């Protein structure tokens, strides 16, 4: 995942006027203000055991065929039938096939009447390259569960801006799928439950549990719609027509392999863009392997200090240590759905079912 940064840091995204589109519009009317699409008003139908789901690869190449086999077996254990789309195991440099082929697989999955949901094989880098190639009117007319995390943040973010459809930040098909992840996903997408997300400390033999700890940065409660994903990918879309208006959002962020000063820089970019002003709350998930720069291990800021500097004076609830991101127990979050945040209790509670 670290190599994603190398591909992104040289890419200067020019500010482009946002394309407009109405919810429920047709291909010829794919133009209206992004605000009209938020919070998301389209919910995909819930999954059920026996459903057929697509495996597509919008991002990085999968080198081992065994990874695909494990993905199919994992979905079968979840009670689903996997339909692998033609280019899932392609290789085009570090990408899972050409941009056109990866986009074609994704669009075909949305249009396929046999497919009830779409699981992304893995992250890496490359999903953002597909965004100009997708037909958002077709996606809007054929809402389906789309689940994935990391680089798949690009699709979630674009769907928030261009489709107005709830999508799901959760394990990729190629993830390990621990019991916690499977249980959270099925409760959300199969049972349609209004989940409460909280981090339960793990007793590891110490007097006070040290693992799976969450922290309050700013107490308080608020309600809003969920947005965000991987910080690096999310920020890379700022200034493009695929970045949503965040007014009224609860921003959920995670990352991996980024030095603390780079996390600081990316949050600064969000702040300079004015996107922190309209937020209702912030939930911070796993920031895995995000440590100090080797040149200043003692003279720099801690990650917690960076969060407090940027978020402490916003006047909205903020907490860190939520169980999503590049961690073992990666909960599925329904981006676009409405939720309540409690910074003091460190909870995030859905106010509605995330599926139809």
Q: Just give me the residues in the range 232-248 being free of Cβ contacts under 8 Å to residues at least 40 places away in the same chain and not in a loop (DSSP other than H, G, I, E, B), in sequence order.
A: 235
Q. Out of all the residues in the range 278-322, which are touching a helix residue (DSSP H, G or I) at 6+ places or on another chain (Cβ under 9 Å), assigned to a loop (DSSP other than H, G, I, E, B) and surrounded by fewer than 16 Cβ atoms within 10 Å (Cβ to Cβ)?
A. 291, 293, 296, 302
Q: Could you tell me which numbered condition residue 128 fails, if it satisfies all but one of (1) within 21 Å of residue 336 (Cβ to Cβ); (2) part of a loop (DSSP other than H, G, I, E, B); (3) touching a helix residue (DSSP H, G or I) at 6+ places or on another chain (Cβ under 7 Å)?
A: (2)
Q.
If a residue must be in contact with a strand residue (DSSP E or B) (Cβ under 9 Å, 6 or more places away or on another chain), surrounded by fewer than 19 Cβ atoms within 10 Å (Cβ to Cβ) and over 25 Å from residue 315 (Cβ atoms), how many such residues does the range 219-246 contain?
A. 0
Q: Would you mention how many residues in the range 124-164 are within 24 Å of residue 184 (Cα to Cα) and surrounded by fewer than 24 Cβ atoms within 10 Å (Cβ to Cβ)?
A: 3
Q: For residue 147, indicate whether it is within 25 Å of residue 89 (Cα to Cα), part of a helix (DSSP H, G or I), assigned by TED's automatic domain parsing to the domain that holds residue 62 and touching a strand residue (DSSP E or B) at 6+ places or on another chain (Cβ under 8 Å).
A: no
(Q) Between 177, 225, which is at pLDDT 95 or above, more than 14 Å from the chain's Cα centre (by Cα) and closer than 28 Å to residue 106 by Cβ? (A) 177
Q. Do we find a residue being over 21 Å from the mean Cα position of the chain (by Cα), at pLDDT 95 or above and assigned to a helix (DSSP H, G or I) anywhere in the range 79-93?
A. no
Q: Could you list, in sequence order, all residues of the range 39-59 that are crowded, with 21+ Cβ neighbours inside 10 Å, outside any strand (DSSP E or B) and modelled with pLDDT of 95 or more?
A: 44, 47, 57, 58, 59
(Q) Among the listed residues 255, 264, identify the single one that is part of a strand (DSSP E or B), modelled with pLDDT of 95 or more, touching a helix residue (DSSP H, G or I) at 6+ places or on another chain (Cβ under 6 Å) and assigned by TED's automatic domain parsing to the domain that holds residue 216. (A) 255
(Q) Being buried (at least 18 other Cβ atoms within 10 Å of the Cβ) and either touching a residue at least 24 places away in the same chain (Cβ under 8 Å) or outside any strand (DSSP E or B) (or both) is true for just one of 186, 199, 216. Which residue is that? (A) 199
Q.
Take residue 249 and tell me if it is surrounded by 14 or more Cβ atoms within 10 Å (Cβ to Cβ) and assigned by TED's automatic domain parsing to the domain that holds residue 213.
A. yes
Q) Quick check, is residue 62 touching a residue at least 24 places away in the same chain (Cβ under 8 Å), surrounded by fewer than 20 Cβ atoms within 10 Å (Cβ to Cβ) and not in a strand (DSSP E or B)? A) no
Q | Verdict on residue 108 being part of a helix (DSSP H, G or I), out of contact with any helix residue (DSSP H, G or I) (no Cβ under 6 Å at 6 or more places or on another chain) and surrounded by fewer than 20 Cβ atoms within 10 Å (Cβ to Cβ) | A | yes
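The values are calculated or read from the model by the stated rules, or taken from the named source; none is laboratory data. Keep in mind it's a predicted model, so treat the numbers as computed, not measured. Cβ sites come from the backbone with ideal geometry, for glycine too, and all protein chains shown count toward neighbours.
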